[in-house]
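Student: Got a structure for you, written out below as structure tokens; questions coming shortly.
The values are calculated or read from the model by the stated rules, or taken from the named source; none is laboratory data. In this text the structure is predicted, and so the values were computed from the model without any measurement. Reconstructed Cβ throughout: ideal geometry from the backbone, glycine too, with neighbour counts over all protein chains shown. The area values use the complete protein model at the heavy-atom level, side chains included, leaving out ligands, DNA and RNA. Shrake-Rupley method; radii C 1.70, N 1.55, O 1.52, S 1.80 Å.
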Amino acid sequence: MAELRTETMTVNMGPQHPSTHGVLRLVLELDGEVIHDVTPTIGYLHTGIEKTAEQKKWQQVIPLVERMDYLAATSNSLSYALCVEKLLGLEMPQRVKDIRVLLAELQRLASHLIWLGTHAMEIGAVSMLFYAVRERELLLNINELIAGFRFFPSYFRIGGLREDLPRGFHEAVNAFLERFPGKIDDFEKLLTKNDIFMRRTQGVGVISLDDALQWGLVGPIARAAGTDYDVRKYFPYTGYETYDFRVPTATEGDVFARYQVRVAEMRESVKIAKQAIARITPSGAWACDDPRVVPPPKDKVYTEMEALIQHFLIYSQGFTVPAGDAYVPIEGPRGEHGCYVVSDGTNRPWRVKMRAPSFMAIQALPSVVRGGLIADVVAVIGSNDVVMGDCDR
């Protein structure tokens with residue numbers, strides 16, 4: 001009897017495939033529907049932001065780093081601002097810290113909503129995207145209220161905030177925080193016990209705790225594998241040590257566990273946000289009292305020559321940062337987002353380097369999906385919540 005001839009087939013998945021979260025290209029080696037190997041190719045969204053930052057004054061870098069992770073702009077700018085403030089030796093007023101905590105947690109919710117909507121849609125629950133985007137629009141309304149911009153607010157600045165909170169801010173935030181827990185309940189009713197969703201996610205894309213640690217995975221991916229590592233707990237910043245919240249974990253390490261962890265994280269973010277908004281007064285300090293980096297009040301600029309000169313120098317020449325380097329990690333929506341800054345003592349950074357969690361998740365992808373089915377790749381990528389701008393910086 002003649003021996004059956006077998007061979008594998010190499011196909012491209014992406015970079016335009018709707019299930020590859022942007023411009024990720026995967027080269028799949030297939031035996032029918034079974035994946036023998038995967039080679040991720042990134043770089044289609046390379047923007048050169050880290051290099052561009054070297055040509056900008058310190059404050060001008062903030063709009064750049066926000067675009068590295070376009071679903072976590074506020075988190076990125078917070079990491080960068082904290083890093084430069086560490087080099088400058090600046091200490092923020094407590095009200096500024098609380099506002100930063102609040103907006104960072106609202107940003108986490110906005111990012112997780114896009115993850116939830118797109119992840120469920122790719123598995124087949126198309127209506128979930130509309131429900132998630134509807135809630136996210138309310139968060140973008142808050143961004144527009146404080147900064148005039150919805151996607152990239154650039155509200156966090158070195159030395160504090162861009163300006164004080166506007167009228168109606170507390171009412172808008174409280175209205176959302178009262179509404180949102182019920183919406184999370186609705187999301188879980190749609191998905192958590194859904195037979196199709198469970199079959200597509202349980203036991204799929206399993207990542208063990210040991211593998212997660214060896215690959216340098218962080219955030220919900222690692223916490224779904226059993227670790228409780230969260231920068232907000234291990235290396236607290238902006239006063240997170242004073243907030244009451246827990247770090248959700250799971251042990252299964254599969255796509256379903258990552259879903260459960262992120263949904264639980266949304267509930268914890270609501271809890272933190274409620275504590276923060278209760279601490280924030282409608283008016284008060286919105287920046288540190290350091291004339292090196294914070295412009296004088298406008299009324300003084302209009303009436304005092306010294307204030308006018310200081311205002312002119314900050315906006316035309318920028319400010320200098322003492323020579324040295326600093327690394328500050330924060331807990332972004334996708335895990336530890338670290339910012340490393342090197343200063344040579346001038347008015348521009350010598351080097352800005354980001355530790356991007358999405359890049360680690362893409363590196364680990366081949367070992368996770370190897371041996372699975374093509375459909376599993378879609379589920380795994382969605383559960384990893386990859387943002388390609390975070391990889392191609």
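Student: Quick one: D69 ticks every box in (1) within 22 Å of V341 (Cα to Cα); (2) modelled with pLDDT of 90 or more; (3) surrounded by 22 or more Cβ atoms within 10 Å (Cβ to Cβ) except a single one, so which number is it?
Tutor: So D69 meets the others, but not (2).
Student: Looking at (1) more than 18 Å from A120 (Cβ to Cβ); (2) open to solvent by 20 Å² or more (accessible area, probe 1.4 Å); (3) in contact with a Ser or Thr (Cβ under 9 Å, 6 or more places away or on another chain), which is the one condition that is false for Y234?
Tutor: (3)
Student: Being more than 20 Å from G332 (Cα to Cα), open to solvent by less than 60 Å² (accessible area, probe 1.4 Å) and of a type in the set (F, W, Y), is that true of even one residue in the stretch 189-202?
Tutor: yes
Student: Same structure, new question: Which one of the conditions (1) open to solvent by less than 60 Å² (accessible area, probe 1.4 Å); (2) in a loop (DSSP other than H, G, I, E, B); (3) not aliphatic (A, V, I, L, M) does C339 fail to meet, given that it meets all the rest?
Tutor: Answer for C339: the failing condition is (2).
Student: A further question on this structure: Collect the residues in the stretch 109-142 that are touching a Ser or Thr at 6+ places or on another chain (Cβ under 8 Å) and open to solvent by 10 Å² or more (accessible area, probe 1.4 Å), keeping them in residue-number order.
Tutor: Of everything in the stretch 109-142, those that are touching a Ser or Thr at 6+ places or on another chain (Cβ under 8 Å) and open to solvent by 10 Å² or more (accessible area, probe 1.4 Å) turn out to be E122, I123, L129.
Student: Still on this model: If you go through the stretch 246-275 one residue at a time, how many are within 23 Å of V328 (Cβ to Cβ) and either in contact with a Pro (Cβ under 9 Å, 6 or more places away or on another chain) or modelled with pLDDT under 95 (or both)?
Tutor: Residues flagged as within 23 Å of V328 (Cβ to Cβ) and either in contact with a Pro (Cβ under 9 Å, 6 or more places away or on another chain) or modelled with pLDDT under 95 (or both) within the stretch 246-275 amount to 2.
Student: Taking the condition of being at pLDDT 90 or above and surrounded by fewer than 14 Cβ atoms within 10 Å (Cβ to Cβ), how many residues in the stretch 313-326 meet it?
Tutor: Summing the residues that are at pLDDT 90 or above and surrounded by fewer than 14 Cβ atoms within 10 Å (Cβ to Cβ) in the stretch 313-326 gives 3.
Student: Exactly one condition in (1) assigned to a strand (DSSP E or B); (2) open to solvent by 10 Å² or more (accessible area, probe 1.4 Å); (3) hydrophobic (A, V, I, L, M, F, W, C) is not met by I330; state its number.
Tutor: Of the numbered conditions (1) assigned to a strand (DSSP E or B); (2) open to solvent by 10 Å² or more (accessible area, probe 1.4 Å); (3) hydrophobic (A, V, I, L, M, F, W, C), the odd one out for I330 is (2).
Student: Next question, about the same structure. Please determine, by comparing only the residues of the stretch 357-393 that are among the hydroxyl-bearing types (S, T, Y) and either assigned to a loop (DSSP other than H, G, I, E, B) or under 19 Å from S111 (Cα atoms) (or both), which one is farthest from the chain's Cα centre (by Cα).
Tutor: Across the stretch 357-393, the extreme among qualifying residues is S383.
Student: Based on this model, can you work out whether E163 counts as at negative phi and open to solvent by 50 Å² or more (accessible area, probe 1.4 Å)?
Tutor: Values: at negative phi: yes; open to solvent by 50 Å² or more (accessible area, probe 1.4 Å): yes.
Answer is yes for this residue.
Student: Mind telling me which of the residues F176, F197 ends up being part of a helix (DSSP H, G or I) and modelled with pLDDT of 95 or more?
Tutor: Working: F197 fails: modelled with pLDDT of 95 or more.
Exactly one of F176, F197 is part of a helix (DSSP H, G or I) and modelled with pLDDT of 95 or more, namely F176.
Student: Could you list, in sequence order, all residues of the stretch 242-276 that are of a type in the set (D, E), more than 18 Å from A379 (Cα to Cα) and either in contact (Cβ under 8 Å) with a residue 60 or more places away in the chain or not in a helix (DSSP H, G or I) (or both)?
Tutor: If the condition is that a residue be of a type in the set (D, E), more than 18 Å from A379 (Cα to Cα) and either in contact (Cβ under 8 Å) with a residue 60 or more places away in the chain or not in a helix (DSSP H, G or I) (or both), then D244, E265 are the ones that fit.
Student: Which of the residues belonging to the stretch 134-164 are outside any helix (DSSP H, G or I), among the basic types (K, R) and within 19 Å of the chain's Cα centre (by Cα)?
Tutor: Selection gives R150, R157.
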